[in-house]
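The values are calculated or read from the model by the stated rules, or taken from the named source; none is laboratory data. Because the structure is predicted, anything quoted here is derived from the model rather than measured. We place every Cβ from the backbone using ideal geometry, glycine too, and count neighbours over all the protein chains shown. SASA here: full protein model, heavy atoms, side chains in, ligands and nucleic acids out. Shrake-Rupley method; radii C 1.70, N 1.55, O 1.52, S 1.80 Å.
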Amino acid sequence: MAESISNEEKSGREKNIILKASGIKKSFGKNEILKGVDLEVEKGDIVVILGPSGAGKTTFLRCLNFLEKPNKGQVTIDGLTVDAAHASKKEILALRRKTAMVFQQYNLFKNKTSVENITEGLIQVQKVPKQEAIKIAKDHLDKVGLSEKYDSYPANMSGGQQQRVGIARALALRPEVILFDEPTSALDPELVGEVLSVMKKVGKTGITMIVVTHEIQFAMDIATKVVVMDNGVVIEAGTPKQIFSNAKEERTRQFLKKIVPEYSYVI
Ligand SMILES: Nc1ncnc2c1ncn2[C@@H]1O[C@H](COP(=O)(O)OP(=O)(O)OP(=O)(O)O)[C@@H](O)[C@H]1O
Ligand SMILES: [Mg+2]
């Protein structure tokens, strides 16, 4: 007992919160989509967000970097707090630069090569000199297994390769946190594995990741925390083990049964 208390105290002291969202609310017209969402993420955490379609997962991710401006609430990333009530453009840009996003549909520029897709943000936003930006782009393409594709255009790459360019682009920005919004759900099933394995590799480097995904195996393998959202709120959060084998909330169990047919056997 004494030992467990001292361990708790120890972990409390060592907590290194890199991202904190408090009371995030967002409405579109009369529809309140986020009803007060809180999230605390430690440096190096891999947080998986799950939940039914329409739960507000994408909206929440977009509120974290103010791509969607919350109506209420605060986001702190790496010591910078932005409050929805009085967020200046400058603060929002500074907050956004601490993050990078990987999108479901890759969102690559169609008329740019892999290297150019990555250098764009480095040169335009971070003012990195062109030759250095090209080197950074190539290094990151190497890391995601695309050394052969420096000069390829999106149309000449598979979905899995395009998404790996998307991940290389995010990494190249050297963000504090990478936000992934269903990064594998637009892919043909045979291409999902290559993207998940790159994501696992990225996770192991210690970068903080928040990932909206229904890939349960990925969550079980590398998530440090699983957050279940429904109807604009977090209904449950815990370790993968707690959520997948011992969910407290009936709504979590029902949702897991839908996405993992064998779930009923797991519990
Ligand atoms: N720009 C918008 N204008 C109006 N309504 C929106 C807008 N963006 C999202 N919504 C609504 O907010 C709700 C939550 O959407 P959101 O995309 O955040 O859900 P989600 O959990 O990501 O769902 P999915 O799993 O289908 O991606 C939905 O009812 C959606 O129609
Ligand atoms: Mg979504």
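Considering the range 38-67, the residues that are in contact with a Lys or Arg (Cβ under 8 Å, 6 or more places away or on another chain) and of a type in the set (Val, Ile, Thr) include one that is surrounded by the most Cβ atoms within 10 Å (Cβ to Cβ), namely Ile49.
Based on this model, can you work out whether Ile207 counts as open to solvent by less than 60 Å² (accessible area, probe 1.4 Å), modelled with pLDDT of 95 or more and not hydroxyl-bearing (Ser, Thr, Tyr)?
Values: open to solvent by less than 60 Å² (accessible area, probe 1.4 Å): yes; modelled with pLDDT of 95 or more: yes; not hydroxyl-bearing (Ser, Thr, Tyr): yes.
Yes.
Exactly one residue among Asp38, Asp78 is at positive phi and not hydroxyl-bearing (Ser, Thr, Tyr), and that residue is Asp78. Cβ-Cβ contacts under 7 Å between residues 6 or more apart (or on different chains), taken from a first residue in the range 172-198 that is open to solvent by 20 Å² or more (accessible area, probe 1.4 Å) to a second residue that is within 15 Å of ligand 2 (Cβ to nearest atom) and charged (D, E, K, R), are listed as Leu196/Glu215.
All of Val165, Val125, Val177 fail the test of being hydrophobic (A, V, I, L, M, F, W, C) and modelled with pLDDT under 95, apart from Val125. Across the range 53-69, the number of residues qualifying as within 13 Å of ligand 2 (Cβ to nearest atom), in contact (Cβ under 8 Å) with a residue 60 or more places away in the chain and among the polar types (S, T, N, Q) comes to 1. Quick one: would you say Glu14 is of a type in the set (Asp, Glu) and either in contact (Cβ under 8 Å) with a residue 24 or more places away in the chain or closer than 29 Å to Arg253 by Cα (or both)? It is false that Glu14 is of a type in the set (Asp, Glu) and either in contact (Cβ under 8 Å) with a residue 24 or more places away in the chain or closer than 29 Å to Arg253 by Cα (or both).
Any idea how many residues of the range 97-116 are away from ligand 2 (no atom under 16 Å from the Cβ) and closer than 25 Å to Val82 by Cβ?
Going through the range 97-116, the residues away from ligand 2 (no atom under 16 Å from the Cβ) turn out to be 97-100, 108-116.
Retained after the next criterion (residues that are closer than 25 Å to Val82 by Cβ): 97-100.
Total satisfying the criteria: 4.
The one condition from (1) under 20 Å from Thr205 (Cβ atoms); (2) in contact with a Gly (Cβ under 7 Å, 6 or more places away or on another chain); (3) open to solvent by 20 Å² or more (accessible area, probe 1.4 Å) that Val102 does not meet is (3).
In the range 215-231, the residues that are farther than 12 Å from Gly51 by Cβ reach residues that are modelled with pLDDT of 95 or more and assigned to a strand (DSSP E or B) with C-beta atoms within less than 6 angstrom, at least six apart or across chains, in these pairs: Ala219/Val48; Ala219/Val226; Ile222/Ile46; Ala223/Ile46; Ala223/Val48; Thr224/Ile46; Lys225/Val47. Among the residues of this structure, Gly79 counts as one that is surrounded by fewer than 17 Cβ atoms within 10 Å (Cβ to Cβ) and free of Cβ contacts under 8 Å to residues at least 12 places away in the same chain.
Going by what's in this entry, would Lys35 be described as charged (D, E, K, R), more than 16 Å from ligand 2 (Cβ to nearest atom), farther than 27 Å from Gln217 by Cα and open to solvent by 50 Å² or more (accessible area, probe 1.4 Å)? Working first, answer last.
On the way: charged (D, E, K, R): yes; more than 16 Å from ligand 2 (Cβ to nearest atom): yes; farther than 27 Å from Gln217 by Cα: yes; open to solvent by 50 Å² or more (accessible area, probe 1.4 Å): yes.
Against the criterion (charged (D, E, K, R), more than 16 Å from ligand 2 (Cβ to nearest atom), farther than 27 Å from Gln217 by Cα and open to solvent by 50 Å² or more (accessible area, probe 1.4 Å)), Lys35 qualifies.
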